Every structure is written in C-alpha cells, then in structure tokens.
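Notes for the one structure printed next.
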Amino acid sequence: SRTISMISLSLSLADSQLYQEYSEVVQNREILLSHSDSLSISVLLHPHTLSKTNPFKSLNVPQQSINRPPSPRLSISASSTTLWQDLPGVRKSPDLEELTEDERRLQEVRFEVVTSEASYCRSLDIVVENFVMSKQLNVILSSQDKNWLFSRLNDVRAISHSFLSQLEEAVENDIMRFTVCDTIIKHCPRFKNVYVPYLTNQSYQDKTYQRLMEESHEFRRVVEKLERNPVCQRLPLRSFLILPFQRITRLKLLVQNIVKRTAPKTKDEAQAIKAMKLLEKMIQDSNESISQMKNIESLVTLNAKVDFECRTLPLISQSRRLVREGPVTELRDFSLKDREEERNVYMHLFNDYLLVSLRKEGGRFTVIDHAPVSELRVENCKFKLHSLQKSLFHLHMPQKALLLRTDTQANKLRWISALSRPYPEIDFSAVQGMCTSCFKRNCRVKVNILMLII
C-alpha cells in the first residue's frame, strides 16, 4: 500500500550522501548499466563498498543537524540501499513479476533522478547553511562580493527542494510505475530562472573567490575553518559552488538515458523527449549568456584602453562580439624602398564594426578609423612586384582603401575569411602586367588609385 511505501521510504535527508561523492559512485553504476544486461549492480551502492569508492565515508564523520526547508517525504540515505529494486515496497510488491527487464531498467534510471536530487539537496543545504549564512563571512564580505561569490544559491536550493518533493510524491503515488519527466517539464521554467543567472555568474564567482583567497587573510582563515566543519566531510567550498553546473548537465544526461530506455512511440517517450529538449535549450541559453557576458567584459576592458583620433564609437553593446583581432602592416605607397612608408596597425574585427588602430605603450590603442562590417570589402592580392612577395590583401573602407600585409599566407587567408562579405573575389593575375607597368611609371600611386586602374 501507499502507506507502507511511505514508511519504508521515509529516511532522513540529514543522512544523505553528498552529491560530490554520490556522482563518483553513480558513474561506476552507469558503466555497468551501459555494458551489461544485468541489474546486479547493487554492490556499488551498498554501504560496505562506499568506503572504497568514497574515502570520506570511511572516516565515519558524525553529521551535524542542519536547519532546512520542510523535510521531504522521500529522502534517500547514504547508508541505505539506493537501488529501486531493493526498496522494501518494490521487493514486496506482487506487481514486480509483471514488469519486463526493460521496464525494470527504466524504473532504475527514473529512480536515479530522485536519489541524485536528494543527494544534491543535501549538498546545497550544507553550502547555504554552513557558508552562505555564516555570520563570520557576512562580516567580512561586501554585498557585491557576497553576491558574486554565492550568486543565487538560496534560490537554487529552494527550487531543488521543491523539485525533490514532487519527485518523491510521484514515487509514493505509484512506486512501481512512477515517472519523472512530467515533473521535470513542470519545473523547467523555474530552473531556467535561477540556473541561467547562476551559470552566467561563473566567471565573476571564480575571480572573486581567487581574489579574496589571495588578498584577504581573514577570508581565507574563515573559509578554511568552515571547511573543517564535519558536515563538509573535508570537501572544499569550491566543490559546493560548482554543484549547479554539474547538476544541470547531469540531469540532462539522466533524461537522455530515460529516452533511450523508454518504449518508442509512447506518451512516456514523448514526455521524455520534451524534457530532454527543454533541458538542452536551458543549457544552450546558459552558454549563450556566458558568452555574452564574456564579450561584455572584453568590451569594457578594451573601452578603457582606446582613444579615438577619428569620430568616437561607443564600444560597449550587448549584441557586439569580437570575431578576430591582431596586427597587420599597412603599405602606404608602392615604392617599397622607404620603411617609413609602412606602418604597423592593429585591427579589432567585431560582428558589426571594424576598428583600425595604432598600438601604443602600455597596451593602449589609438583608433584611426572604423567602419561598419556591412560597408567593408576585402580582395585577395595575388600579384608580385619587385621584392614584394609577402602576403597582401586589399581592404576597402567607406572613405579609403588599404593595402595590408600579414606575416604569413595562412594569416592573410584568415583575415580575408573573417572580413569577407558577399562580393566576388577579383583575380589579379589577369591584370598583373598592367599593374606592374603602372607602378614603374608612377611609384607613388596610392591604393585607391590602384583600385580605379584595376
């Protein structure tokens, strides 16, 4: 009965295995699931093997009571059997014999979502209550540093407990044929609201942690003291901070496994596929947000290093991203006898604009020209003149054209590829003789005049 199932599954979350340790055990379990048709893998998850798989368990560290949200009804203990087939309610059920081997494997994978979420919640409880809510850390950290370091861990924890509670309810309602993908689908909008900002904050989190550990002796002292708390089981703060990154990817892999093991062309398969796509989209959105954040950071850094000799261009834009940058040589005439007629320029090519700059001391740049990418045209220059046998290409800008040289042929091709717009490439070999004759008559011809002759 449901009451019996609830009693047999009502274990304390305070005894749950930490997610950092749990993942290692489960990876071993999945290896066997992937290469064997047998379900005889409980040895990996039984208590007497945990000390071998997870060295922290052999210490028998006592658990400290932790205040947390209302206790879930179905909480998985590290000291208990965590295979679905070994649950008392499953072993005693007359329905067990009616399930095929494939159906039993599917229930094991579904149950893995529940057990791993219980372990994940246990670790979130520890990082929130032992670190985020630490009075000592709150005295040391500024509001900004605390926000960057811990981001929205409280929100992640609250949603994870809500998710776990509904997963448990599903198991309690039908321990033999429960599903999890419908619950995942329901929670995906809430997951997105907290996970995307948390993942996006990763670079700030890492930099803040490193800076505080290097610059603040008091921060380091307090963190190391908190890490020695028995509830942490000798795991460092950083292992807790990366949990949301690991969990959202892990959850996607679990759902992929569910899709693989679900009967095709069924309602369950449709739900599993929908859950998988929602998780994949959330991870994609997170990656795009992370990329955008890095772009903004690079633009802010560059903006502090540039001066404009020409009309000023606001650099910082959410839609702007750097495509390519690097030095090239501008040939300012065609005599090629005076090295002063060459100058080194530096180009920053964004998805919407090109900056041409002179490099200054201290890593600064003076922008001498810029143009929208849509108004650029690039042409490969294949002719050879006198000693000029280097890699050349022409860059047409709205007000002028530049003859540019790169250090290697490969570098030239990379710039041409990056700068190319949908214009036909001109083959200069057919007009090489005419160009050479022209240069001999007037070695001071400018790039734009050359273009007109061609």
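Structure summary
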{"item": "Given (1) closer than 16 Å to THR179 by Cα; (2) in contact with a helix residue (DSSP H, G or I) (Cβ under 7 Å, 6 or more places away or on another chain), number of the condition LEU87 does not satisfy", "result": "(1)"}
{"item": "Flag for SER335 being at pLDDT below 90, of a type outside the set (Lys, Arg) and open to solvent by less than 70 Å² (accessible area, probe 1.4 Å)", "result": "yes"}
{"item": "Cβ-Cβ under 6 Å pairs, at least 6 apart or on other chains, the stretch 256-272 side touching a residue at least 24 places away in the same chain (Cβ under 8 Å) and within 17 Å of LEU99 (Cα to Cα), far side basic (Lys, Arg) and not in a loop (DSSP other than H, G, I, E, B)", "result": "ARG261/ARG105"}
{"item": "Single residue of ALA270, ALA263 found to be surrounded by fewer than 15 Cβ atoms within 10 Å (Cβ to Cβ) and either at pLDDT 95 or above or on the phi > 0 side of the Ramachandran plot (or both)", "result": "ALA270"}
{"item": "Members of the stretch 199-226 found to be polar (S, T, N, Q) and within 28 Å of GLN292 (Cα to Cα), listed by number", "result": "THR200, ASN201, GLN202, SER203, GLN205, THR208, GLN210"}
{"item": "Test: residue in the stretch 93-116 that is outside the structural domain of GLN210 (by the TED database), polar (S, T, N, Q) and open to solvent by less than 60 Å² (accessible area, probe 1.4 Å)", "result": "yes"}
{"item": "Extreme residue, farthest from the chain's Cα centre (by Cα), among residues of the stretch 154-179 that are surrounded by fewer than 23 Cβ atoms within 10 Å (Cβ to Cβ) and closer than 9 Å to VAL194 by Cβ", "result": "ALA158"}
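The values are calculated or read from the model by the stated rules, or taken from the named source; none is laboratory data. Just so it is clear, the model here is predicted, and its values are computed rather than measured. Cβ sites come from the backbone with ideal geometry, for glycine too, and all protein chains shown count toward neighbours. Note: accessible area is taken over every heavy atom of the protein model, side chains too, but ligands, DNA and RNA are not part of it. Shrake-Rupley method; radii C 1.70, N 1.55, O 1.52, S 1.80 Å.
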